[in-house]
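A.B. asks: The structure under discussion is supplied below as structure tokens; questions concerning it will follow.
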């Protein structure tokens, strides 16, 4: 049986926290400003509008909270920095190992097409499907994001062969589980979920354990 592995991208395969943290620290010099940004981001994805707008709006909010005059160029620069988020050191090897095993790979991401095109430059060939919130009109953790993503990829009838993989239980694994999708945690941030793997290479080398085929 051929398995389909769908992935969260930002925070699971690429290090968006590094990009945003470094940007905001340089602009505002405050770790608390970084925390405030991520609180704003999580609240803002409850209703759909372009993700680039959410990034800019949350940066504007953080600037106001920390008494920094906001400029549009700050938001534009953050969007570009976000889109250039680097892969984690294990990501490319892990993806290649999974492709070599014959898995079909998919991305379901809370972003938009123009940004994900930049992020995936040079590795886009590793994925059989790439679906963004722009395609869906809804953000994870809304369970409809998963239902519609698998429908668009024409794998909705193959849910028993799909596993969703993420570093975020709250964004991804909990809602995916609610619609009947198997899930795996890549443990980037010390969160609790089962099954769990330390990184993507660990996952690729031991995935039979999660599939129950070892």
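A.B. asks: Tally up the residues in the stretch 49-73 that are more than 20 Å from the chain's Cα centre (by Cα) and surrounded by fewer than 19 Cβ atoms within 10 Å (Cβ to Cβ), please.
C.D. replies: Looking only at that region, the number is 12.
A.B. asks: Can you tell me how many residues within the stretch 170-191 are in a helix (DSSP H, G or I) and closer than 19 Å to residue 207 by Cβ?
C.D. replies: Residues meeting the conditions: 4.
A.B. asks: Residue 152 versus (1) at pLDDT 95 or above; (2) in the same structural domain as residue 163 (by TED's automatic domain parsing): which is the lone unmet condition?
C.D. replies: Answer for residue 152: the failing condition is (1).
A.B. asks: Also, I was wondering about something else. Can you confirm whether residue 150 is crowded, with 21+ Cβ neighbours inside 10 Å, over 14 Å from the mean Cα position of the chain (by Cα), in a helix (DSSP H, G or I) and in contact (Cβ under 8 Å) with a residue 12 or more places away in the chain?
C.D. replies: The answer is yes for residue 150.
A.B. asks: Right, here's the next one. Of 78, 126, which residue is buried (at least 21 other Cβ atoms within 10 Å of the Cβ) and either out of contact with any strand residue (DSSP E or B) (no Cβ under 8 Å at 6 or more places or on another chain) or more than 19 Å from residue 173 (Cα to Cα) (or both)?
C.D. replies: 78
A.B. asks: Checking residue 86 against (1) buried (at least 21 other Cβ atoms within 10 Å of the Cβ); (2) within 17 Å of residue 166 (Cα to Cα), which test does it fail?
C.D. replies: Failing condition for residue 86: (1).
A.B. asks: So, one more: With the condition kept exactly as written, say whether any residue in the stretch 92-106 is in a helix (DSSP H, G or I), touching a residue at least 40 places away in the same chain (Cβ under 8 Å), farther than 21 Å from residue 140 by Cα and in contact with a strand residue (DSSP E or B) (Cβ under 7 Å, 6 or more places away or on another chain).
C.D. replies: yes
The values are calculated or read from the model by the stated rules, or taken from the named source; none is laboratory data. Only a predicted model underlies this, so the values are computations on that prediction, with no experimental measurement involved. All Cβ positions, even for glycine, are placed from backbone atoms using ideal geometry, and neighbour counts span all protein chains on display.
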